[in-house]
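No lab work stands behind these numbers, since they all come straight from the coordinates. Computed from a prediction, not measured in an experiment: that's the story for all the values here. Ideal geometry is used to build each Cβ from the backbone, glycine not excepted, and the neighbour counts take in all protein chains shown.
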Amino acid sequence: MTQELQTSKFGTVTYEAGDVIELIGGMPGFSNLSRFILIENPDLEPIKFLQSLEKPMISFPLIDPRILDPDYQIELGEEERRKLDIVDQCQGLSYSIVTFDPVPEACTVNLFAPIVVNTSNMRALQVILFDSDYSIEQPLLK
Amino acid sequence: MLVFTRKAGESLMIGDEVEVTILSVTQDQVRVGIKAPREIPIHRQEVYQAIVRQNQRASYSTPPSPDLLDRLKLADLTRKQK
């Protein structure tokens, strides 16, 4: 059944039950929000938005980190795999959260704590890559 | 805040399942060991706070204007990847 959501940034958007992403435990700073949808718009490519269903004013810009760094790697721990119910790393899609600023040089991407989505069950997690050297605030502009 | 004085080798229990042990103490560093169920996330406070701050800043981001996207040259990168 198609449902509607009135958002503050994208107006009215429609989604199906199967589009809903369950973010396990929410995100640091937003632990009370767990239901999201992905908003894609050709005009914004390659940026997508992770839109909260519970708080329509909240959304997070996302980018595929491999666009920025083709060698980008995520090592999931045992507990993270269990939470996502992931057996094979290939089941997962990963996104990095972007912070936009009107000044291009000030736009950054968080490569240290990506959102990993298991597309086969729509469970997602903001994973913290403790053992990596990735930056929380990598400039988007090279 | 609850305050305890502990020596190296001594522990604290938080509830039934979380055990915090002081492993060693030097002049300016304390090594702490934590035994907790795997589902309890444990983070260095400053790292966790940095992620909270970044998530909050990102949540305020408005969709980028075509001009900003253009200046970031992201479309070029996407094309290059494909």
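So here's what we get for this one:
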read-out	value
Residue-span extension gain [residue B:60 to residue B:46] - 0.36 nm each, minus C-alpha spacing	2.9 nm
Folded to 0 to 90 degrees: helix B:45-60 orientation relative to chain B principal axis, Cα	30
Sequence-distant residues sharing a close amide H with residue A:30 (under 5 Å, placed H)	none
Tail weight of P(r) past 12 Å, computed on alpha-carbon pairs of region A:1-57, percent	67
Inter-site label distance for residue A:43 and residue B:6 at 7 Å from Cα along Cβ, in nm	5.6
Within 10 Å of each Cβ in B:62-68, the average number of Cβ atoms from other chains	6
Helical contribution to [θ] at 222 nm, DSSP H n ≥ 4, -39,500 (n - 2.57), averaged over chain A, rounded to 500	-1500 deg cm²/dmol
GluC sites (Glu not before Pro) restricted to region A:57-142 and DSSP loop, no more than 14 other C-beta within 10 Å	A:75
When chain B is reduced to its Cα atoms, the Kirkwood hydrodynamic radius in Å	17.5
GluC sites (Glu not before Pro) within chain B: DSSP coil, no more than 16 neighbouring Cβ in 10 Å	B:10, B:17, B:39
Sites residue B:13 and residue A:75, calculated FRET efficiency, Cβ-Cβ separation with R0 30 Å, nearest 0.05	0.40
Fraction of the pair-distance distribution of chain A above 19 Å, Cα-Cα pairs, percent	52
